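For reference, the structure discussed in these notes is given below.
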Amino acid sequence: MLSPAAQQRAAFARVEPDKIEVQAAPNLLMTKFSMDLARIKHLKSRQKRTQTKQSLLPEYQAWLDEQLAKVEPLLSHEATMLAWLLIWHLDTGLYGRTLELLSFALCHGIQAPREFERNLIELVTEEISLILSSANNAPQK
């Protein structure tokens, strides 16, 4: 007869590693995102924050694609993460992806993170209008 610890090791050995990875991946990604967000919030320089977001965004694209393909509503922590990633896309100048995420967010009632006073549509509209305004004020060649 095996001890309880030996039984547990034997049961664990029978689990396929791929199944463990699939189940753990969403939780690991949420944890990673929380750590990335905290790191960005502690950066003082806007330029460094933007550069950090640019370097991190590729790591979240597969997750975003998965969320955009979902039929069922997102969980609250998923919706919050999606809203933050939408803002990161906006901040880094990835406007096509920003608008894609905004469309999804509006259709699914996703709100801006609590730290923001304005809603997502106001954030995106203001940022894009500032860019267009500065482009109009640029000297013509």
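The values are calculated or read from the model by the stated rules, or taken from the named source; none is laboratory data. Small disclaimer: the values here were computed from a predicted structure and weren't measured. So basically every Cβ, Gly included, is an ideal-geometry build from the backbone, and we count neighbours across all protein chains shown.
Might you check whether a residue that is assigned to a loop (DSSP other than H, G, I, E, B), closer than 22 Å to Asn27 by Cα and not aliphatic (A, V, I, L, M) occurs anywhere in the stretch 72-93? Scanning the stretch 72-93 turns up at least one residue that is assigned to a loop (DSSP other than H, G, I, E, B), closer than 22 Å to Asn27 by Cα and not aliphatic (A, V, I, L, M).
Exactly one residue among Ile110, Ile121 is surrounded by 10 or more Cβ atoms within 10 Å (Cβ to Cβ) and over 23 Å from Asn27 (Cβ atoms), and that residue is Ile121.
Test Gln23 against the criterion of being modelled with pLDDT of 95 or more and either of a type outside the set (D, E, K, R) or surrounded by fewer than 11 Cβ atoms within 10 Å (Cβ to Cβ) (or both), and give yes or no. Criteria not met by Gln23. Close contacts from the stretch 94-114, counting a first residue that is free of Cβ contacts under 8 Å to residues at least 24 places away in the same chain and a second that is of a type in the set (Val, Ile, Thr) and crowded, with 17+ Cβ neighbours inside 10 Å, with Cβ to Cβ under 9 Å and a gap of 6+ residues or different chains, come to Leu102/Val124; Arg114/Thr80. Note on the stretch 69-93: residues that are more than 12 Å from the chain's Cα centre (by Cα) and either surrounded by fewer than 17 Cβ atoms within 10 Å (Cβ to Cβ) or touching a residue at least 60 places away in the same chain (Cβ under 8 Å) (or both) amount to 8. Applying the set (1) farther than 23 Å from Ile131 by Cβ; (2) buried (at least 19 other Cβ atoms within 10 Å of the Cβ) to Glu59 leaves exactly one unmet item: (2). Exactly one condition in (1) more than 24 Å from Ile128 (Cα to Cα); (2) touching a Pro at 6+ places or on another chain (Cβ under 9 Å); (3) of a type in the set (Val, Ile, Thr) is not met by Ile87; state its number. Result: Ile87 fails condition (1) only. The set of residues in the stretch 36-57 being part of a helix (DSSP H, G or I), hydroxyl-bearing (Ser, Thr, Tyr) and farther than 17 Å from Ala83 by Cα consists of Thr52, Ser55.
For the stretch 121-131, the criterion of a residue being in a loop (DSSP other than H, G, I, E, B) and without any contact (Cβ under 8 Å) to a residue 40 or more places away in the chain is satisfied by no position.
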